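Written out below as C-alpha cells is the structure these notes cover.
The values are calculated or read from the model by the stated rules, or taken from the named source; none is laboratory data. Note that the structure is predicted; figures quoted are calculated from it, not measured. Note that each Cβ is placed from the backbone with ideal geometry, even for glycine, and that neighbours are counted across all protein chains shown.
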Amino acid sequence: MDPKGRSKWELDTPCLTIDLDLLDENLQRMQARVAAAGKALRPHAKTHKCSMLAKMQLAAGAIGVCAAKVSEAEALLAAGVEGVLITGPIATPAKAARLKSLLRKSRSLMAVVDHVFGVELLEKQLAGSGLRLDVLVDVDVGHHRTGVAPARAMDLVQRVMACRSLWLRGIQAYAGHIQHIPRYVDRRTASLKALKQAAAVFRQLQSLDEGCTIFSASGTGTAATDLAVPELTELQAGSYALMDAEYLAIECEDGAECADYHPALTLLTTVVSVGHGRQVTVDAGLKALYRDGGRPRVLNADYTRLQYDWFGDEYGKLSAAGRGALLPELGTVLELVVSHCDPTVNQFDRFFITRGGKVVDVWPIDLRGRCQ
Ligand SMILES: Cc1ncc(COP(=O)(O)O)c(C=O)c1O
C-alpha cells in the first residue's frame, strides 16, 4: 500500500521517519553558519546513508559530501552525487582497485592517505592509467583511529608530492574523540587545541605548495566553535542533519541544556505486550535501535517520562519510574529520538518522509549495509 498521504501514526513499525521541515531547518542552519564564517560544508553522508538526502545537502549549498568507505562512495556516485571525499584510509589492493574504477566515473572524487603503504598502493594502482587522484593527508589530532601523527605529517606530504598519479590538495583532521564532550567550554577548548596542531601542518604545507587549499575537519559537536579556526576551509559535520539522543545530551552553549539542531529523525515503535507491572514491551529492540550512544527518548507528550531500555534483539521495554506515570495501552505507537543515528539508520531500508504528520515521500537508504 502506498503510504503517501497517510498519517505517520498508521505506518507499520518499527520504522524510521524524517520530518522534512525539521531536516530542512537543520540543513539551512548549518549551511548559513558555515557560509557566514566564509567556510565550505562537505557533510558526512555516513550519518544518513541516503543519496537523496545528500542531494538535498548539495542543493542547500554543500560543495560535496563525505563517505566513510569506498562502498558508500560507490552508492553515492551511482546516484549521481559529485564531490565525494572518502574519509577512511585505503589499505588493500582490492580497495585501491575499486577506487580506481570510481575515479573513472568521477574526477571530483577525493581520498585520504595516512601512511606510505597506502600512498604506494594507490600510486601503483593508478600508474599508467592516465588517472590522477586528489588526496588529503589525514592528520591524527588525538583520536588515534586514523591519521598520521602531526610530527610525521610532512614526511608523508613529501612522499605524496613525489607521486605522479596523486595530487595533494590539503589535509583532513577529524577530532572524533571530542565531539560528544558534554560541557561546551571543555569541548571548545579541546577542539581548538586539537585543530591547532593540524593548522600548523596546514600552514607548513601551504608554504610548500599554495595549491594545497583544503583543510577539512569538524563534526556536529564542535562545528560552531571550529568556525573560528582561520586555517579551516571546510567542515565535515554529519549528524546535524538528523540528530540523535547522544547529540541532544550535550550543551550547545556555555552552561545551557539546548540543541543547535532538531531531532528530524525519529523511530516509530508499537506497544506489543502489557501486563508486566510498571512496564510495557515495544517492538523495537537491538535490531532496530543501535545500543551505543544516548538512551532513546520518547516524544509523545503523555509518555515523555517513560524510560526506554533494550529488551533483547526484537523488543524494547518502556518503564514508568514514578507511580503516577501513565503507561501506554497495547497497540499504542510511540515516537522515539534514536540513540545514535548512523548505526540505527543502517538497520533500515527506507525513511518515511513526513510533513505535518503526513507521509509525503519514501527515500531509500541506499548506502545501507555498505561497510566495505
Ligand atoms: C571522518 C569523519 N568526519 C566527520 C564526521 C561527522 O561527525 P558528526 O556525525 O559527529 O557530525 C565523522 C563521524 O564519525 C567522521 O568519522
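Here are some notes:
- Residue count, region 229-273 (criterion: part of a loop (DSSP other than H, G, I, E, B), away from the ligand (no atom under 13 Å from the Cβ) and under 19 Å from LYS46 (Cβ atoms)): 2
- Positions within region 128-142 being out of contact with any Phe, Trp or Tyr (no Cβ under 9 Å at 6 or more places or on another chain), touching a residue at least 24 places away in the same chain (Cβ under 8 Å) and within 15 Å of LEU99 (Cα to Cα), in sequence order: SER129, LEU131
- Filtered residues of region 64-81 (kept if surrounded by fewer than 18 Cβ atoms within 10 Å (Cβ to Cβ) and either modelled with pLDDT under 95 or hydrophobic (A, V, I, L, M, F, W, C) (or both)): ALA78, ALA79
- Subset tally (residues that are within 17 Å of PRO263 (Cβ to Cβ) and in a strand (DSSP E or B)) for region 2-51: 5
- Any hit, region 293-307, residues being in a strand (DSSP E or B) and touching a residue at least 40 places away in the same chain (Cβ under 8 Å): yes
- One residue from ARG183, ARG169, ARG164, ARG145 being touching a residue at least 24 places away in the same chain (Cβ under 8 Å), exposed (fewer than 15 other Cβ atoms within 10 Å of the Cβ), closer than 29 Å to LEU103 by Cα and over 19 Å from the mean Cα position of the chain (by Cα): ARG164
- Exactly one residue among LYS100, LYS39, LYS8, LYS46 is among the basic types (Lys, Arg), surrounded by 18 or more Cβ atoms within 10 Å (Cβ to Cβ), at pLDDT 95 or above and touching a helix residue (DSSP H, G or I) at 6+ places or on another chain (Cβ under 8 Å), and that residue is LYS46.
- Reported count of residues in region 148-161, each being crowded, with 20+ Cβ neighbours inside 10 Å and without any contact (Cβ under 8 Å) to a residue 40 or more places away in the chain, is 1.
- Residue tally, condition part of a loop (DSSP other than H, G, I, E, B), over 19 Å from LEU76 (Cβ atoms) and among the hydrophobic types (A, V, I, L, M, F, W, C), over region 333-372: 1
- Of all residues in region 47-75, those satisfying the criterion of being under 17 Å from ILE90 (Cα atoms) and within 16 Å of the ligand (Cβ to nearest atom) are CYS66, ALA67, ALA68, LYS69, VAL70, SER71, GLU72, ALA73.
- Test: residue in region 305-315 that is among the small types (Gly, Ala, Ser) and within 25 Å of ASP19 (Cα to Cα): no
- Taking residues in region 17-46 that are touching a residue at least 40 places away in the same chain (Cβ under 8 Å), and partners anywhere that are basic (Lys, Arg), the pairs with Cβ atoms closer than 7 Å and at least 6 places apart or on different chains are THR17/LYS8; LEU20/ARG355; ASP21/ARG355.
- Against the list (1) within 10 Å of the ligand (Cβ to nearest atom); (2) surrounded by 24 or more Cβ atoms within 10 Å (Cβ to Cβ), the condition PHE215 fails is (1).
- Answer residue from region 76-120, given it is assigned to a loop (DSSP other than H, G, I, E, B) and in contact (Cβ under 8 Å) with a residue 40 or more places away in the chain and is nearest to the ligand (Cβ to nearest atom) among those: THR87
- Neighbours by Cβ (under 6 Å, 6+ apart or cross-chain): first from region 211-224, within 16 Å of THR146 (Cβ to Cβ); second part of a strand (DSSP E or B) and near the ligand (Cβ under 8 Å from one of its atoms): SER216/GLN172
- Criterion violated by ASP260 - all others in (1) crowded, with 20+ Cβ neighbours inside 10 Å; (2) touching a residue at least 40 places away in the same chain (Cβ under 8 Å); (3) within 30 Å of TRP9 (Cβ to Cβ) satisfied: (1)
- Any hit, region 188-204, residues being within 29 Å of GLU253 (Cα to Cα) and among the β-branched types (Val, Ile, Thr): yes
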